[in-house]
1. Which pairs do you get when a residue that is closer than 16 Å to residue 59 by Cβ, found in segment 78-92, comes within reach of a residue that is of a type outside the set (Ser, Thr, Tyr) and more than 13 Å from the ligand (Cβ to nearest atom), reach meaning Cβ atoms under 7 angstrom, with the pair 6+ apart or on two chains?
2. Just checking, which of 61, 118 is closer than 21 Å to residue 12 by Cα and in contact (Cβ under 8 Å) with a residue 24 or more places away in the chain?
3. Could you list, in sequence order, the residues of segment 86-123 that are of a type outside the set (Phe, Trp, Tyr) and touching a Gly at 6+ places or on another chain (Cβ under 6 Å)?
4. Quick check on segment 64-76: of everything there that is farther than 18 Å from residue 122 by Cα and in contact (Cβ under 8 Å) with a residue 24 or more places away in the chain, which residue is farthest from the chain's Cα centre (by Cα)?
5. If you scan segment 55-82, which residues turn out to be open to solvent by 30 Å² or more (accessible area, probe 1.4 Å) and within 15 Å of residue 29 (Cα to Cα)?
6. Can you work out which of the residues in segment 35-54 that are small (Gly, Ala, Ser) and surrounded by fewer than 18 Cβ atoms within 10 Å (Cβ to Cβ) is farthest from the ligand (Cβ to nearest atom)?
Amino acid sequence: MARETTLTEPGWRALCRVDEVADGESKGFPPVREGYAGLFAVRKGERMFVYVNSCPHIGVPLNWRNDDFLTLDKIRIICATHGAEFRIASGECLLGPCVGEYLDTVELDIRDGVIFVPPDAGL
Ligand code: FES
């Protein structure tokens, strides 16, 4: 599960401001370097979750458009390729071909309303 701390580790990079992700919505962050997966964030009230954008089924991106990572009712993360559904708070697959597997959780730190992630996360 994503953690929130008060001290940002040296070298962590800013992902975006918390208020750039609407409550109950998701936002994608394409990779900085070619060949990497990139990240996505989901906001639930004051809680924020960040995962690597790679489905544990076959390792493809989960989204079909940049910021669309959630089911229509916004209660789970969904993979656009084969429809696997994941618990937002843990990344656990609850439905689909990779049940019981997990999305790769990215540690995060929120400071002054900005989300920071480790320097190599999802590059
Ligand atoms: S690639 Fe995500 S469910 Fe198959």
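1. 86/92
2. On the way: 61 fails: closer than 21 Å to residue 12 by Cα.
Unique residue meeting the criteria: 118.
3. Residues of segment 86-123 that are of a type outside the set (Phe, Trp, Tyr), as a first pass: 87-101, 103-115, 117-123.
Across segment 86-123, the qualifying residues are 96, 103, 105, 119, 122.
4. My answer is 74.
5. Of all residues in segment 55-82, those open to solvent by 30 Å² or more (accessible area, probe 1.4 Å) come to 56-61, 63-68, 72-76, 78, 80-82.
Correct list: 60, 61, 63, 64, 65, 66, 67, 68.
6. First, pick out the residues of segment 35-54 that are small (Gly, Ala, Ser): 35, 37-38, 41, 45, 54.
Of the ones still in play, those that are also surrounded by fewer than 18 Cβ atoms within 10 Å (Cβ to Cβ) are 35, 45.
Numbers: 35: 18, 45: 27 Å.
My answer is 45.
Listed here are the residues, each with its yes/no results for (1) closer than 19 Å to residue 107 by Cβ; (2) out of contact with any strand residue (DSSP E or B) (no Cβ under 8 Å at 6 or more places or on another chain); (3) assigned to a strand (DSSP E or B).
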| position | (1), (2), (3) |
| --- | --- |
| 36 | yes, yes, no |
| 49 | yes, no, yes |
| 58 | no, yes, no |
| 63 | no, no, no |
| 67 | no, no, no |
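The values are calculated or read from the model by the stated rules, or taken from the named source; none is laboratory data. Being a predicted model, the structure only gives us computed values, none of them experimental. No Cβ is skipped: glycine too gets one built from the backbone with ideal geometry, and neighbour counts run over all protein chains shown. In case anyone asks, the SASA skips ligands and DNA or RNA and just uses the protein heavy atoms, side chains included. Shrake-Rupley method; radii C 1.70, N 1.55, O 1.52, S 1.80 Å.
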